[in-house]
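Participant: Structure incoming, see below.
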Amino acid sequence: SSGINAEWPLRPGGISSVIHPINPFIPTIHFNYRYFEIPGENKQWWFGGGTDLTPTYLNRDDAKHFHTTLKTACDGHDKEYYPKFKKWCDEYFYIKHRGEFRGLG
């Protein structure tokens with residue numbers, strides 16, 4: 001037996017974390033990543049999630065490093081990923097009733 005429930009053969013997994021530093025000059029960071037898999041002969045899977053940086057005091061060097069690191073990771077797979085995912089993040093983290101963004105996307 002493979003240990004897979006035949007009635008529900010989904011293998012989900014995920015992690016989410018929020019770091020709230022005591023020092024107000026160190027930004028809050030949040031990330032969550034998810035993985036779903038349906039094993040078998042016609043295996044299907046999906047990996048997703050994201051991260052955001054929310055500084056109390058904006059440090060442009062931190063913002064640049066954050067986005068450069070994410071862009072480098074995306075570009076290693078597909079040069080279209082970073083602009084596509086950045087747009088999604090900007091839309092997701094926009095607070096409509098305040099007319100502002102939460103964090104740096």
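The values are calculated or read from the model by the stated rules, or taken from the named source; none is laboratory data. Here the structure is a predicted model, which is why all the values come from computation and not from measurement. Neighbour counts run over all protein chains shown; Cβ positions are idealised from the backbone, glycine included. The accessibility values were calculated without ligands, DNA or RNA, using every heavy atom of the protein model including side chains. Shrake-Rupley method; radii C 1.70, N 1.55, O 1.52, S 1.80 Å.
Participant: Please work out the ratio of the alpha-carbon Rg of the chain to 2.2 N^0.38 Å and round it to two decimals. Intermediate values should be presented prior to the final figure.
Facilitator: Working: Rg = 17.6 Å, N = 105, 2.2 N^0.38 = 12.9 Å.
Dividing the Cα radius of gyration by 2.2 N^0.38 Å gives 1.37.
Participant: Then there's this: PRE reach from Lys87 (point 7 Å along Cα→Cβ): which of segment 32-67 fall under 16 Å by backbone N?
Facilitator: none
Participant: Then there is this: Once you list every other residue whose beta carbon is under 9 Å from the beta carbon of Gly13, what net charge do they have if Lys and Arg are +1 and Asp and Glu are -1? Mind showing how you got there, number by number?
Facilitator: On the way: positive: Arg11, Arg34; negative: Glu37.
Local net charge: +1.
Participant: Another question, if that's okay. Quick check on the chain: helices-only [θ] at 222 nm, where DSSP H runs of length 4 and up contribute -39,500 (n - 2.57) each and the sum goes over total residues. Nearest 500, please.
Facilitator: That calculation yields -8500 deg cm²/dmol at 222 nm.
Participant: Measure nothing fancy, just the Cα-based angle from helix 81-92's long axis to the longest principal axis of the chain, in degrees from 0 to 90, nearest 10.
Facilitator: Tilt of helix 81-92: around 70 degrees.
Participant: Let me cross-check His20: its accessible surface, 1.4 Å probe, with only protein heavy atoms counted, in Å² to the nearest 10?
Facilitator: We get 130 Å² for His20.
Participant: In nm, to one decimal, how far is the modelled label at Glu37 from the one at Ile95, with both set 7 Å along Cα→Cβ?
Facilitator: Placing both labels 7 Å beyond Cα along the Cβ direction yields 3.9 nm.
Participant: Give the relative contact order (percent, whole number) for the chain; include only Cα pairs under 8 Å separated by 6+ residues.
Facilitator: Normalised by residue count, the contact order of the chain is 19 percent.
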